[in-house]
Structure formats: structure tokens, C-alpha cells
Amino acid sequence: MADAKSRTRRIVTLAVGAVVAGLIVAAFWPQPVMVDLAKVTRGPMMVTIDEEGRTRVSEPYVVSTPVAGRLQRVGVHPGDAVVRGETVIAHMLPTNPAALDVRTREQAVAAVAAAEAAVRVAKADLNAAVASRELAEAELRRTESLAARDIVSAAALDRARQEARVAGANVETAEAAIAVREAELSNARAQLIGFDDSGPSAAIEASSRDAIPIYAPADGRILRVMQESETTLPAGAPIMEIGDIEDGLEVVVDLISSDAVQVDRGDRVIIEDWGGPAALMGEVTRIDPFAVTKVSALGVEEQRVSVTVALACSPEARCRLGHGYRVEARIVVWESPDALRAPASALFRRRDDWAVFVAEEGRASLRTVEIGRTNGVDAEVRSGLRAGDTVVLYPPASVADATAIFQRTSR
């Protein structure tokens, strides 16, 4: 009986030990790692440089004042259509005279007095010249009468005629001198024109009926008006800007210089987020040869290069897209209609190469791959994978070659 109990005790002890050992082994046995999986596929792939851009008119015209003067209130408004050489967009009036300081006015008054005296002297000289001419003409008539009766010689007659011609020339000289002195007087009086003079003010008011019209320099629409109210402006001051939105609209994108070197003229551009129902197509037409330093929103200095994109769509397709509107431009720098694509999130660096984990029969198999272009979502695979292979996404540190894995299921 004692032997039977002893055997039973040993059997129970061994059974309990086996169960405990099994539990310990099960606790420390490697468990499969839960991962996300994706397929390697074939299909179209493109690499783009995405950047914010602005629309603009390719050839805007800034209308400026042709002369210094008073601009009348502008009657046109942004969006109005204009025709080159026909539409009057503004009017200019002569500039009001400037006010004179005391010293300048006194000098001008003295100049007027001197000019008036010179006119009187010129008129006196004219009177003297007229008297001399009358005397010479009378003397000529007497000499001709005596010469007809052979009382005086021919030389005396010639001398009388010469004196009459000289006297006539002196009268003409005196008349010209009066014209010169009167012009000098008018110029001196013009220096006295000021705001308080009624004569010039009346002249300016009369000239308002003959205001200088300014015509539209090109066909298109008014983009913006810089000076709308009536004001006095110097010559060359900007008034408004005109451009052809229908046929001359383009997009300007400022790229970081490291991205700009990847872009070529003729690259296809996709315009998105502009407010319309569908994306617009465009083409790179110009890449500026110089970069401009700009500060980003984070305060970092960047070298930016302006890239011009011509819109390859009809005006109807872009609805009411206008000058200075914000758009999102995707410049296609590479594309392939049938590329072998692997998720970029499955790639990781292994020494100097790229590698992935391929799921094979419930285990992770480490593979070295060669990749080409990448767009941040997919990567072009040149070697190491085949279409249909299943790869591990975002491989955790616990995954190594031959590690057991199983796919995470979505709830």
C-alpha cells in the first residue's frame, strides 16, 4: 500500500513538472510578429515636384501719366474690357502753378518792370526809325524830281535811294526789336503766375475742356487701378494695369534651386487646387537663370528659382481664373507607363544598399533591392523583386531574416 502511494506521488509530481516545463517553454517560445503587408505591382508611375504657384498675365501693361498734371477721377474699374487705341481710360489736366516765395516774387516783379521799360525803349526806337524813313522817302522823291530835269547827278540819286532803303530796314529792325521785348515781357509776367492769380486760373478752367485723353495701350481687361481719385501726379506715375486674361494667363512657380535643376523646358505640369472641378494641364516654358534669396515661414533662407508654366487649356476650361490667383502645381520630372512599383514605406537602408523584407510562407526573408525613382509613396524597383511579391510595410526592429510574421487584420 505504501509502495502504491509512493508511485502515485511520483507520477503526479512528474505530471506537474511536465506541465510547468511545457508552460515555461510555451512562454519563451518565439511568437510571430504582427506586421502590415503590401504587394509589389506593375503600372504607371510618375515623379513630380509639388509647389505652390501664382497666376499672372504674361504681358501686363502699366499705364503711366504722359505729362505732369492733374489726373481726373478714373472712371474705369478692375475687370472692365478695353480696346487698344479706342477706349479712353483716363484724362489729364495741366498742372496748377506753384506758389512763389517773397524773394522770388520780388525778383519776378523787377524783371517785369525791366521788360516793360525795354518795350518802351523799343517803341521809341521804332518812332525814330519811322521818322527817318519818312524823311528819306521825301528826300528821294525830291531828288528823283530834280534828276528828271537833269539838275542833280545820277550819283546823288543813287545816294538818296540807298538812304531810303536803309531807313526802311531800320524800321523793320525796330519792329522786330519790339516783338522780342514783348516776348521777354510775357515771359517775365509768366514768372508771376500763382494760385492767387485769377487770370491763370481762368485759363486752366478753360483748358479743362481740352483735357488730355489717355487711351488703352492694349486689348484686354483692367487688372487693377493704382490711382482712382483725382490727384496731381508727376510724369511717369503709374495709374492702372491692363492685361489679357483670356489668352495671356500663365503660372509662376518658385522652386528651391535643388528642385529647379531637375526641371526641363517642355515638362508636363498638372495644376490642382485652383477651385475648379478638374485639374488643368500646362507646360514649362521658361526657367530663370538666377535664384533669389527668400525667407521661408520657418525663418530659413532659401534660394528660389522662378519657373514659368504656360496653360495648355482653353479659357472656358479654367472658368474665372484670374491674375494673381493661388494654385498648386505638380511638375512631372519623370514618368513611366509600366514601372515595377514597391511601397516606399517597405524600404530601409542596409549598409550602402536598399533592402526589404519579403513575406514567404509565414516568415520574413531579407532581400537587397536596387531602386530607381521614388515619389514618396512608391519606388521604382530595378532588381531584387518581382510583381506579386508581398513585402513588409514599416518593418519593426523585432523583424529579422527568417522571423515568423503574420498579417495585421483591420477591425
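The values are calculated or read from the model by the stated rules, or taken from the named source; none is laboratory data. Quick caveat: nothing in here was measured; it's all calculated off a predicted structure. Heads up, the Cβs are rebuilt from the backbone with ideal geometry, glycines too, and the neighbour counts pull from every protein chain shown.
For the condition of a type in the set (Ser, Thr, Tyr), assigned to a loop (DSSP other than H, G, I, E, B) and either modelled with pLDDT of 95 or more or surrounded by fewer than 19 Cβ atoms within 10 Å (Cβ to Cβ) (or both), Ser229 qualifies. Counting only residues that are under 27 Å from Gln31 (Cα atoms) and hydroxyl-bearing (Ser, Thr, Tyr), the stretch 331-375 holds 3 of them. Considering only residues that are out of contact with any Asp or Glu (no Cβ under 6 Å at 6 or more places or on another chain), under 30 Å from Arg286 (Cβ atoms) and of a type in the set (Ser, Thr, Tyr), look in the stretch 58-76 and name the one that is surrounded by the most Cβ atoms within 10 Å (Cβ to Cβ). Result: Tyr61. Looking at the stretch 317-365, the strands (runs of 3 or more DSSP E) lying wholly inside it that each contain 1 or more residues that are of a type in the set (Ser, Thr, Tyr), under 21 Å from Gly266 (Cβ atoms) and in contact (Cβ under 8 Å) with a residue 40 or more places away in the chain sit at 326-343.
Identification of strands (runs of 3 or more DSSP E) wholly contained in the stretch 251-316 with 1 or more residues that are free of Cβ contacts under 8 Å to residues at least 24 places away in the same chain and at negative phi yields 280-287, 292-295, 301-311. Annotation: of all residues in the stretch 116-172 being acidic (Asp, Glu) and closer than 28 Å to Ser186 by Cβ, the one that is surrounded by the most Cβ atoms within 10 Å (Cβ to Cβ) is Asp125.
With respect to the stated conditions, Ala156 fails to be hydrophobic (A, V, I, L, M, F, W, C) and either within 30 Å of Ala218 (Cβ to Cβ) or without any contact (Cβ under 8 Å) to a residue 12 or more places away in the chain (or both). Within this structure, Glu106 passes the test of being in a helix (DSSP H, G or I), loosely packed, with under 12 Cβ neighbours inside 10 Å and of a type in the set (Asp, Glu).
Arg330 passes all but one of (1) modelled with pLDDT of 95 or more; (2) over 38 Å from the mean Cα position of the chain (by Cα); which number fails? Among (1) modelled with pLDDT of 95 or more; (2) over 38 Å from the mean Cα position of the chain (by Cα), Arg330 violates only (2).
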